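Only one structure is covered here, and it is reproduced in the block below.
The values are calculated or read from the model by the stated rules, or taken from the named source; none is laboratory data. All of these numbers come straight from a predicted model, not from anything done at the bench. Positions of Cβ are backbone-derived with ideal geometry, glycine not excepted, and every protein chain shown enters the neighbour counts.
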Amino acid sequence: MTTIPMYDPLSPEMISDPYPAYARMLEERPIHWHPVMRAWVVVRHADCVRVLREHATFARDPGRTGEEIPDFRQNVQMMDPPEQTPLRQLLVGAMRSQDKDQLFQEAVAFLRGRLTAQEPGEPFDWMATLAAPFALHMSAALLGVPEPDDEAYAEISHGIALRMDAGLAPENIPQGDAARKRLNELGESWFPRPEGDDGLIANLIRRADKEFAGSHYIRNSAAMMFNASYGTIFAMVGNAAHLLATVPGLLPELSVPSHVATGVDELIRYDGPAQGTSRTAVTETEIQGTRIAAGDSVVTLLAAANRDPLVFKDPQDIKLDRRPNPHLGFGSGPHACFGSEFGKLSITAMIHALRDEGLRPCLAAEPTRRTTATVRSLDVLPVRLSR
């Protein structure tokens, strides 16, 4: 057996391409202790699903293991059932009340406008020119709020992404907490909404019960939803565009109507933004015969699980008609992303916009990835459009 170097998600090699290391871990070290993160790392699909779904054993809420969480960090993602359930139901109900067809048409129109504004053959940065403004526009449209300043919001979002890597880089905590406070201040400005507003937040306020009406949990959760939408769309349309620009024949195959829905899921499985998430064991348990003590942290590497050969045939290949496709690109269990359909809507809209305009992105120079471990995202993607 070869010796596998310690998992180092912030190393240049992992930022560039983590999947060879994931494949080695899947084969040789599917569960192991990470001394720097002081956590168990699990990579098998079944083990990740178990940790994410068994909330009674594996806590997301730090309060269940004795950590005190300040008000500014309290939101639906920091709660576990049963306390989480009423608020999650409110948020899911408000999300489902949105007009998805209208949002899709608006997304396609926005992207077509951005694409046609570029001179064919002239290089531009896909992330700054298209991904960031698109993510901001669609997140504001989804929640029914004014679009924040793009540069200021990009700084907030990046700070929060850095905060997610605190286990590896604790020096990111002050910047991340400052970004979270700025985000919550932005969220405060959205309440209350005027009468007649049909945005997500207005629907959320109308649905709010006595327990949560006016609660900072609702305001913080709404701000968190905006940032989750922005960050997911930004990273997803960047990663997907990179694949379209580098994998020959991918865009024409995706243009086949029967391949779009399954193809979007496959792009997310193959190179989605979510690399991992963590939980804490509240009682002693075992994973694949390995003892997990109460209080131990467990990191589930979702992106590795999405390449698990026990679940996905030929996991290193892109198969646009893959069925079934139980990828963990949006997590699983009570903390699964409840805006997943809007994330998929964004990639679908990008494919439609490119197809409608008869355009395809081609790399104009080497891209640059952001040095973040929890979220896999491009920072600069130089492309040119061709017909």
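Only helices (runs of 4 or more DSSP H) whose full extent lies in the range 1-117 are considered here, and the ones with at least 3 residues that are crowded, with 17+ Cβ neighbours inside 10 Å are 19-28, 45-53, 84-96, 100-116. Being at positive phi and in contact with a helix residue (DSSP H, G or I) (Cβ under 9 Å, 6 or more places away or on another chain) holds for only one residue in Gly121, Gly144, and it is Gly144.
Answer with yes or no whether Val264 is assigned to a helix (DSSP H, G or I) and farther than 24 Å from Pro18 by Cα. Against the criterion (assigned to a helix (DSSP H, G or I) and farther than 24 Å from Pro18 by Cα), Val264 does not qualify. Looking across the range 40-99 at every residue that is hydroxyl-bearing (Ser, Thr, Tyr) and in contact with a Ser or Thr (Cβ under 6 Å, 6 or more places away or on another chain), the one that is farthest from Arg291 (Cα to Cα) is identified as Thr65.
If you go through the range 176-185 and keep only what is buried (at least 20 other Cβ atoms within 10 Å of the Cβ) and either at pLDDT below 70 or within 16 Å of Val145 (Cα to Cα) (or both), you end up with Leu183, Asn184.
For residues that are over 17 Å from His242 (Cβ atoms) and in contact (Cβ under 8 Å) with a residue 60 or more places away in the chain, tally how many sit in the range 119-135. Lay out the reasoning, then the answer.
Taking the range 119-135 and keeping what is over 17 Å from His242 (Cβ atoms), we get 119-122, 133.
Restricting the remaining residues to those that are in contact (Cβ under 8 Å) with a residue 60 or more places away in the chain gives 120-122.
The total comes to 3.
Among the candidates Arg38, Arg88, Arg112, which residue alone is in contact with a helix residue (DSSP H, G or I) (Cβ under 8 Å, 6 or more places away or on another chain) and within 27 Å of Thr300 (Cα to Cα)?
Values: Arg38 fails: in contact with a helix residue (DSSP H, G or I) (Cβ under 8 Å, 6 or more places away or on another chain); Arg112 fails: within 27 Å of Thr300 (Cα to Cα).
When all the criteria are applied, what remains is Arg88.
In the set (1) of a type in the set (D, E, K, R); (2) free of Cβ contacts under 8 Å to residues at least 60 places away in the same chain; (3) buried (at least 17 other Cβ atoms within 10 Å of the Cβ), Glu151 fails one condition alone, (3).
Of the residues examined, Val282 is not one that is at pLDDT 95 or above, surrounded by 22 or more Cβ atoms within 10 Å (Cβ to Cβ) and in contact with a strand residue (DSSP E or B) (Cβ under 8 Å, 6 or more places away or on another chain).
Looking at the structure I just gave you, is Arg291 crowded, with 21+ Cβ neighbours inside 10 Å, at pLDDT 95 or above and among the basic types (Lys, Arg)?
Working: crowded, with 21+ Cβ neighbours inside 10 Å: no; at pLDDT 95 or above: yes; among the basic types (Lys, Arg): yes.
In short, no.
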